[in-house]
Amino acid sequence: MAGQTLSRGLLPVKNVFEEVGVMMILTVKTLISAVRGPYPYGEELVWQFLFVLKLSWFPLVISTFALNLGAPGLQAAGVLSLIGALDRLGGFFVVIAIRWIGPIVTAVVVAGVAGTAITADLGARKIREELDALQVLGVDPVKNLVVPRFLALMVVTALLDIFAIVFGLAAGIAAELLYHQSLGGFFATLFTNATITDLWSSVMMCTMFGAIVAIVCSYKGMSASGGAAGVGRAVNQAVVISLVAVFFFQFVVSSVLLATYPELQAVR
Amino acid sequence: MIGWLDIPRGWLDSFGDIARFGVRVSGLVYSGRVFKFFGEGLRQAGLLIFGSALIIWAFCFILGLQCGLQGAYFNRSIGAPSLAGLFSAYCDLREGLPYAFGYILAAKVGTGIVAEIGAMRISDEIDALEVMGIQPVTFLCATRLLGAWIALPFLYLVGIGIIYAASFLSVVNQVGDVSSGGYLLIFWMYQSPPDLFFSLIKGMVMSTVIVLVGCYYGYTASGGPVGVGTATAKSMVFNIVAVHILGMLGTLVFWGSNPRAPIGG
């Protein structure tokens with residue numbers, strides 16, 4: 001009796017582990033199909049790359065500018081102006097815009113914009129039984145559909161991170177100008193505090209975010225079922241899982257990174 | 001293949017429609033006509049609490065951990081580790097929680113509403129409601145807005161507690177540069193009840209917009225099962241940008257000219 005109750009209570013936990021396991025299997029399959037020839041996905045890769053870029057660039061620019069102007073820009077500038085150290089905003093923006101908000105917002109935008117589009121697309125193909133038809137024709141759906149999305153999303157997310165950093169810093173400049181501060185101090189502290197570790201860790205993190213979003217969204221799209229409500233529900237679950245996974249991953253990576261690279265903790 | 005400017009152009013196309021739809025639904029709630037279906041509103045509030053509360057709070061917890069971590073290391077780098085509470089107070093209450101709430105609400109609740117209502121639209125259930133003499137906008141959309149307004153403020157307030165606990169954990173227990181008493185002294189010093197109130201307003205405006213956008217895209221879905229998926233994806237795109245813009249406007253309005261920090265005179 002107690003065992004039954006326990007197993008029923010643990011059912012959600014078991015489901016989570018099963019989902020994660022299946023996604024891991026899909027990741028390994030994707031990696032193997034990506035490196036082992038033949039390589040039929042070149043054209044689809046370019047197409048997906050452009051598709052994600054065209055979808056994401058506008059939401060990304062608006063989102064990073066708004067977030068960086070509001071959260072670190074105005075809040076920090078308010079406190080710094082009270083203690084008369086507005087030029088220190090540059091050093092603060094290294095921490096916030098490059099290390100933290102850049103990757104996070106890029107991941108949120110890519111998950112919300114490109115990930116949902118991928119899930120809707122693959123889910124529609126699953127519902128219309130196109131995926132089964134592909135398999136009957138001897139075309140591997142993982143190699144021809146998932147691998148190009150996986151690679152394209154990894155590259156695009158890293159690329160968009162650079163844009164997120166640029167527009168984040170532009171928002172920092174806007175915040176300085178709103179407080180009528182000259183920009184010399186901002187750039188001076190920005191460039192003395194920025195390290196190459198900040199930049200590569202930010203870009204690497206974004207590459208991993210792209211991989212996570214691509215796998216989660218492809219998996220949820222390819223396992224959509226249940227008619228009209230099914231595709232919508234798949235998109236819903238895909239975006240929730242990607243967001244939680246990305247934020248959790250970001251926390252773990254930045255914990256390790258900040259603890260192991262002493263130059264990120266130095267006073268300059 | 002979509003063009004480079006299709007996303008902004010699509011928003012310009014649909015922004016007026018969304019605004020008109022939102023005003024109509026809010027009008028139905030304000031005028032009290034939704035109370036004809038008060039039971040349905042309560043049911044939607046219950047669904048929100050039982051279906052989404054845990055995931056919302058888990059997301060708040062993760063963001064709180066990140067706020068604490070970044071704040072602790074930033075303050076160590078400027079040689080003032082005891083001031084980590086300042087960063088956490090601002091990051092948690094003023095900025096982090098509204099954004100975390102907006103992201104996860106857009107992802108979980110907003111797209112969920114589109115999937116539900118869109119599926120009803122595709123299978124002609126909304127037309128059936130109309131034939132039966134029930135106003136579908138009141139029954140489906142206004143009740144969801146009412147349910148969100150009943151349940152979400154409380155979820156938000158509990159989320160504040162959770163994000164505070166998470167920041168405490170990561171600053172005091174994980175990084176450990178500052179004692180718990182020293183952290184809490186600065187942490188409570190740099191916030192005030194108006195901040196809590198403004199933060200709540202920010203979060204609620206975001207969630208109202210998210211629910212309305214979800215209802216709009218679900219209600220106007222078309223094109224079979226594929227159309228529901230596309231509408232769900234579109235609502236997420238709109239919601240993400242709306243959350244960021246509302247967050248920025250909220251900061252500008254509430255803290256733009258007065259940071260309300262206990263420094264100086």
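Tell me which residues, restricted to the stretch A:255-268, are assigned to a helix (DSSP H, G or I) and within 9 Å of chain B (Cβ to nearest Cβ).
A:Ser255, A:Leu258, A:Ala259, A:Leu264, A:Gln265
Return a yes/no flag: does the stretch B:247-257 have any residue that is within 8 Å of chain A (Cβ to nearest Cβ), under 24 Å from B:Ala151 (Cα atoms), under 14 Å from the mean Cα position of the chain (by Cα) and not in a loop (DSSP other than H, G, I, E, B).
yes
So A:Ala120 passes all but one of these: (1) more than 30 Å from B:Ser77 (Cα to Cα); (2) surrounded by fewer than 20 Cβ atoms within 10 Å (Cβ to Cβ); (3) in contact (Cβ under 8 Å) with a residue 24 or more places away in the chain. Which condition number does it fail?
With (1) more than 30 Å from B:Ser77 (Cα to Cα); (2) surrounded by fewer than 20 Cβ atoms within 10 Å (Cβ to Cβ); (3) in contact (Cβ under 8 Å) with a residue 24 or more places away in the chain applied to A:Ala120, the lone miss is (2).
Quick one: in the stretch B:102-138, which of the residues that are surrounded by fewer than 24 Cβ atoms within 10 Å (Cβ to Cβ) and touching a Leu at 6+ places or on another chain (Cβ under 6 Å) is nearest to the other protein chains (Cβ to nearest Cβ)?
The residue in question is B:Pro136.
Can you tell me which residue is farthest from B:Cys67 (Cα to Cα) among those in the stretch A:223-248 that are facing chain B (nearest Cβ under 7 Å), among the β-branched types (Val, Ile, Thr) and out of contact with any Lys or Arg (no Cβ under 7 Å at 6 or more places or on another chain)?
A:Val231
Cβ-Cβ under 7 Å, sequence separation 6+ or interchain: first residue in the stretch B:48-69 and at the interface with another protein chain (Cβ under 7 Å from one of its Cβ atoms), partner in a helix (DSSP H, G or I) and among the charged types (D, E, K, R). Which pairs?
Within 7 Å, the pairs are B:Ile55/B:Lys108.
Answer yes or no: is there a residue in the stretch A:113-127 that is over 19 Å from the mean Cα position of the chain (by Cα), modelled with pLDDT of 90 or more, in a helix (DSSP H, G or I) and basic (Lys, Arg).
Yes, the stretch A:113-127 contains a residue that is over 19 Å from the mean Cα position of the chain (by Cα), modelled with pLDDT of 90 or more, in a helix (DSSP H, G or I) and basic (Lys, Arg).
Which condition does A:Met208 not pass, out of (1) in contact with a Phe, Trp or Tyr (Cβ under 6 Å, 6 or more places away or on another chain); (2) under 15 Å from A:Thr157 (Cβ atoms), if it passes all the others?
(1)
Let's see how each residue does on (1) among the hydroxyl-bearing types (Ser, Thr, Tyr); (2) part of a loop (DSSP other than H, G, I, E, B); (3) touching a residue at least 60 places away in the same chain (Cβ under 8 Å):
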{"site": "B:Ser170", "(1), (2), (3)": "yes, no, yes"}
{"site": "B:Gln191", "(1), (2), (3)": "no, yes, yes"}
{"site": "B:Ile201", "(1), (2), (3)": "no, no, no"}
{"site": "B:Thr208", "(1), (2), (3)": "yes, no, yes"}
{"site": "B:Thr230", "(1), (2), (3)": "yes, no, no"}
{"site": "B:Ile240", "(1), (2), (3)": "no, no, yes"}
{"site": "B:Pro259", "(1), (2), (3)": "no, yes, no"}
{"site": "B:Pro262", "(1), (2), (3)": "no, yes, yes"}
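Please go through (1) in contact (Cβ under 8 Å) with a residue 60 or more places away in the chain; (2) out of contact with any Ser or Thr (no Cβ under 6 Å at 6 or more places or on another chain); (3) surrounded by fewer than 18 Cβ atoms within 10 Å (Cβ to Cβ) for A:Val142 and return the number of the only condition it doesn't satisfy.
All conditions pass for A:Val142, except number (2).
Restricting the stretch B:225-243 to residues that are facing chain A (nearest Cβ under 8 Å) and of a type in the set (S, T, N, Q), which is nearest to B:Asp17 (Cα to Cα)?
B:Asn239
Within the stretch B:54-67, which residues are among the small types (Gly, Ala, Ser) and surrounded by 17 or more Cβ atoms within 10 Å (Cβ to Cβ)?
Correct list: B:Gly64 only.
Does A:Ala66 satisfy the criteria of being more than 11 Å from chain B (Cβ to nearest Cβ), in contact (Cβ under 8 Å) with a residue 12 or more places away in the chain and under 20 Å from the mean Cα position of the chain (by Cα)?
no
Could you pull out the residue among B:Ser77, B:Ser26 that is more than 7 Å from chain A (Cβ to nearest Cβ) and either in contact with a Lys or Arg (Cβ under 9 Å, 6 or more places away or on another chain) or surrounded by fewer than 24 Cβ atoms within 10 Å (Cβ to Cβ) (or both)?
After ruling out the rest, the residue left standing is B:Ser26.
Which condition number does B:Ser222 fail, the rest of (1) under 24 Å from A:Pro72 (Cβ atoms); (2) more than 8 Å from chain A (Cβ to nearest Cβ); (3) not in a helix (DSSP H, G or I) being met?
Here B:Ser222 clears every test but (1).
The values are calculated or read from the model by the stated rules, or taken from the named source; none is laboratory data. It should be emphasised that the depicted structure is a prediction, and the values quoted were computed from it without experimental measurement. Ideal geometry is used to build each Cβ from the backbone, glycine not excepted, and the neighbour counts take in all protein chains shown.
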